[in-house]
Amino acid sequence: MLSSEDIKAAIDQGTLAVNPLFEGAIRPAGLRLHLGALLLRPKPGMVVDVLRNELPEYEEIHLTPDTPYTLEPGGFILGATYEKVSVGERLGFLIEGRSTLARLGLTVVQTAMLVYPGHRARAVTLELANNGPNGIRLYPRMKIARAVLFDLKSPSKASYDDDGKYRGQTDVGPPIFKDEVLPEPTSE
């Protein structure tokens, strides 16, 4: 795992870029990230079918300091980091929620915690869920997540943004269903 000094060196060497990089964002063994101003709330009332590419419509919610969004208990919403992040071929990057918000019941990353090498100058999508008993107000640029970085044993030859299915999403976006179900195996 990279320390604060290792993270600074990765930024200086260009293997990690965080824009903007707020003062105090580099932590002793990680990186603090903030919430962007756009949220997507899935509209209820349908059955999602990954095989047929049937997904809900999403309502856009634009946050301002004067118009936060209250995520109610049991609620789910998509957000993204305010920062645009680039991850080099030698880095591993895991994102997770903050302990302070988790103590209120806010889950920031459901399962998609890995940001692949080759993620270039894009926000990181967040899956926000309120598992607590009280509503939680979400504000733009609030401290929302942290990232842990580590060196890969060898550089990745594949770069996510060369052919990854979410490479075109620069901010929060809905899921993309692509080859979600494998075809039946053939007998040989």
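Take the residues in segment 79-138 that are of a type in the set (Asp, Glu) and surrounded by fewer than 21 Cβ atoms within 10 Å (Cβ to Cβ), then tell me which one is farthest from Ala29 (Cα to Cα).
Glu127
Given the conditions (1) crowded, with 18+ Cβ neighbours inside 10 Å; (2) at positive phi, and given that Gly45 satisfies all but one, which numbered condition is not satisfied?
Answer for Gly45: the failing condition is (1).
If I filter segment 38-52 for residues that are among the charged types (D, E, K, R) and modelled with pLDDT of 95 or more, do I get at least one hit?
yes
Residue under question is Gly118, and the condition is that it be touching a residue at least 40 places away in the same chain (Cβ under 8 Å), at positive phi and among the small types (Gly, Ala, Ser); does it hold?
Considered against the rule, which asks whether it is touching a residue at least 40 places away in the same chain (Cβ under 8 Å), at positive phi and among the small types (Gly, Ala, Ser), Gly118 comes out as yes.
The values are calculated or read from the model by the stated rules, or taken from the named source; none is laboratory data. Quantities reported herein were computed from a predicted structural model and do not represent experimental measurements. Cβ atoms come from the backbone with ideal geometry, glycine included; neighbour counts cover every protein chain shown.
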